[in-house]
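No lab work stands behind these numbers, since they all come straight from the coordinates. No experiment lies behind these values; they were computed from the predicted model shown. Note that we place each Cβ from the backbone using ideal geometry, even for glycine, and neighbour counts take in every protein chain shown.
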């Protein structure tokens, strides 16, 4: 792999993201400047099913991928000739959805004679922090909280990661979705629980905060989810009216306490004074507020992306792709979707 060392030349990356139910394309310059970021969300399509239907997601990606890429290039005022490389999410995610993006990226890169760079979806989420925080440089500790992942990741350098903690069962976002469904809020659960929680008392109901003795950095949310379901069942059996806002607020507070406490404790033990959050759950207003307060209390600098860069988007893939590109990473035409891709793997 040959590194790119020409610091006088702007590097422009066309990025594609189709790992789940957002069809997204973006153009990113020099890893920090977003020239365009186009997202077609399928939320309305999947809401009637109460969650993402993989086959429908794949078909929608096929329908929207070309217009989204065209819009990204148009908004950036560039043509394919102006692009230095094509970056694409190749895992983890839904295999059918990933394949649409990977096939499209390979076709564009081949036809335009541009290098192809495969990007890990979670590394993309972490890299979203670089967009609005020009001063952020590794090393730092990042909490990645989304529908499928709850990770504590030590970012040792650009493209170099060590997982410090991970979920043992449900991811934080998955727990949000299941509790939202249980109290009748529907899909997507995270934003709806966050909104309803503002009307409730976060101390009204005591739900458990799990801690794994032999692995203090790991997460477990299945017990919390079960506790909420048991509470709802008991109320139903006793004929007690459920205050949904109090349930949402109390559940959310339990999740936030665990995420915040684990992150701060890990950072203190490692000796890191910079912490960040990423992923869909990172858009939660209460989590952002509590993490900020905890960071200030412990004299740490706290970084977080705007909500648009927390949910799935291609700008974050363009950022991660840029740092891979300048290191000399190039993928061949045999690049394939890897639905269970582990962080740090290639």
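Taking label points 7 Å from Cα along the Cα-to-Cβ direction, residue 156 and residue 181 give a separation of 3.9 nm.
Take every DSSP beta bridge with both residues inside the chain and express the antiparallel ones as a percent of the total, to the nearest 5. Antiparallel: roughly 60 percent of the beta bridges in the chain. Protection proxy ranking for 132-144, 14-26, using the average of other Cβ atoms within 10 Å per residue and placing the highest first: 14-26, 132-144.
Ranked by the mean number of other Cβ atoms within 10 Å of their residues, highest first, the peptides 261-268, 294-301 fall in the order 261-268, 294-301. Give the separation of the Cα centroids, region 312-346 to region 242-305, in Å. Going from one Cα centre to the other spans 28 Å. The sum of -39500 (n - 2.57) across all DSSP H runs of n ≥ 4, divided by the residue count of the chain, sets its helix-only mean residue ellipticity at 222 nm to -13500 deg cm²/dmol.
The mean sequence separation of alpha-carbon pairs under 8 Å and at least six residues apart, normalised by the residue count of region 194-346, gives a relative contact order of 22 percent. Roughly speaking, what is the centre-to-centre gap between region 1-80 and region 135-204 when only Cα atoms are used, to the nearest Å? If you average the Cα positions of each part, the centres end up 23 Å apart.
Note on residue 333 and residue 209: their simple-model spin labels are 5.6 nm apart, each label 7 Å out from Cα toward Cβ.
Once the Cα-Cα distance is subtracted from the 0.36 nm per residue extended length, the residue 30 to residue 82 segment shows a gain of 17.4 nm. Estimated from the Cβ-Cβ distance and a Förster radius of 51 angstrom, the FRET efficiency linking residue 234 and residue 59 is about 0.75.
Expressed to the nearest 5 percent, the antiparallel share of DSSP beta bridges inside region 138-305 is 60 percent. Between residue 107 and residue 299, the modelled labels are 5.7 nm apart [label points 7 Å from Cα along Cα→Cβ]. Quick note on region 138-305: its Rg to Rh ratio, both from C-alpha atoms and Rh being the Kirkwood radius, is 0.99.
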